[in-house]
Amino acid sequence: MFDFLEGYNVLGAFWVTVQLTFYSAVGALIWGTVLAAMRVSPVPLMRGFGTAYVNVVRNIPLTVIIVFTSLGLFQTLGITLGAENFTTINFRLAVLGLIVYTSAFVCEALRSGINTVPVGQTEAARAIGLSFPQVLRLVVLPQAFRSVVGPLANVLIALTKNTTVAATIGVAEAALLMREMIENEAQLLLISAVFAFGFICLTLPTGLLLGRVAKKVSVKR
């Protein structure tokens, strides 16, 4: 029944998807945290940049961003991100595009968590002489992260599914292999079912695990 899978490295394609998700998630979490700090910063220029970035990037289709990384950064400007072969270049460009896009949603999730921290705590921290970065690092962000584990889990699940867009620039992840198999094999429904099951295996345990984590670490108000 599944003879059509012979000759295709399905597990390898999903491993590329996992790698895309992991590296993009780490990068988006870091950059998204920086953006969230900018959005609540007392410096108007930083607040303006953070707000403009989030509003612009969230309204640009991910496909446009991914294609721009290939056509604009690599083919036009010659940016290779330190890679030498075409496969690695495309992989790193796809990760960059996913980070740029996903960080805007991470930022908004974190900002909603920052808004749940009582103002009195930040005022007390400033009263004892802590600077704005110290208040964020020691008081605000630890509580904000604990309150947005659930929303961040949703962002991670969306990121996992968004990795399929990397196929537009030739990254050999699951969606690209699925398209190749559909073109070569007369098993549309079975092929679709296999890849749908694969993504369910990636996203469902993640959602369940992070959902339990969210309940355990949530801040009791």
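Annotations for the structure displayed:
- Placing a label point 7 Å from the Cα of Thr63 along the Cα-to-Cβ line, the residues of the range 139-171 whose backbone N sits under 12 Å from it are 165-169.
- Relative contact order (percent, whole number), the range 1-103, Cα cutoff 8 Å, 6+ residue spacing: 37 percent
- Axis angle, to the nearest 10 degrees, between helix 188-217 and the longest C-alpha principal axis of the chain: 20 degrees.
- Coarse-grained scattering of the chain at q = 0.09, 0.17 Å⁻¹, given as base-10 log I(q)/I(0) from a Debye sum over alpha-carbon atoms: -0.45, -1.19
- Peptides ranked, highest mean first, by Cβ atoms within 10 Å: ranges 32-38, 66-72, 54-60: 32-38, 66-72, 54-60
- Of the peptides 6-17, 172-183, 128-139, the ranking by mean beta-carbon count within 10 Å, highest at the top, reads 172-183, 6-17, 128-139.
- As a fraction of the 1.4 Å probe accessible area of the chain, surface on carbon and sulfur atoms comes out at 67 percent.
- Ordering Val149, Val171, Val95 by the projection of their Cα atoms onto the charge dipole of the range 63-221, which places +1 on the Cβ of Lys and Arg and -1 on the Cβ of Asp and Glu, puts Val149 at the extreme positive end.
- Label point 7 Å beyond Cα of Thr116 along Cβ direction - residues of the range 188-214 with amide nitrogen under 19 Å: 207-214
- Ratio of the Cα radius of gyration of the range 125-172 to 2.2 N^0.38 Å, where N counts its residues: 1.88
- Inverse of mean 1/r across different Cα pairs in the range 63-155, Kirkwood, Å: 15.8 Å
- Calculated [222 nm] ellipticity per residue, helices only, for the chain: -23500 deg cm²/dmol; basis is -39500 (n - 2.57) per DSSP H run with n ≥ 4, divided by all residues, nearest 500.
- The stretch between Glu6 and Leu208 holds 69.5 nm of extra length on full extension. This uses 0.36 nm per residue minus the Cα-Cα distance.
- Value of relative contact order over the chain, rounded to a whole percent, pairs C-alpha under 8 Å and six or more apart: 28 percent
- Derived scalar couplings ³J(HN,Hα) [the range 64-79; Karplus, 6.51 cos²θ - 1.76 cosθ + 1.60; whole Hz; x for Gly, Pro]: 4, 5, 5, 5, 5, 4, 7, 6, x, 6, 7, 6, 8, 9, x, 7
- Calculated FRET efficiency, Leu71 to Arg179, Cβ-Cβ distance, R0 = 25 Å: about 0.80 to the nearest 0.05.
- Legend: calculated FRET efficiency, Phe49 to Arg137, from the Cβ-Cβ distance at R0 = 22 Å, rounded to 0.05, equals 0.65.
- Averaged per residue, the chain has 54 square angstrom of accessible surface, using a 1.4 angstrom probe with ligands and nucleic acids left out.
- FRET efficiency for Leu81 and Arg126, using Cβ-Cβ distance with R0 set to 35 Å, rounded to 0.05: 0.30
The values are calculated or read from the model by the stated rules, or taken from the named source; none is laboratory data. Everything numeric here is computed off the predicted structure, so don't read it as measured data. In this analysis, Cβ positions are derived from the backbone assuming ideal geometry, glycine residues included, and neighbour counts consider all displayed protein chains. These area figures cover heavy atoms from the full protein model, side chains too; ligands, DNA and RNA do not enter into them. Shrake-Rupley method; radii C 1.70, N 1.55, O 1.52, S 1.80 Å.
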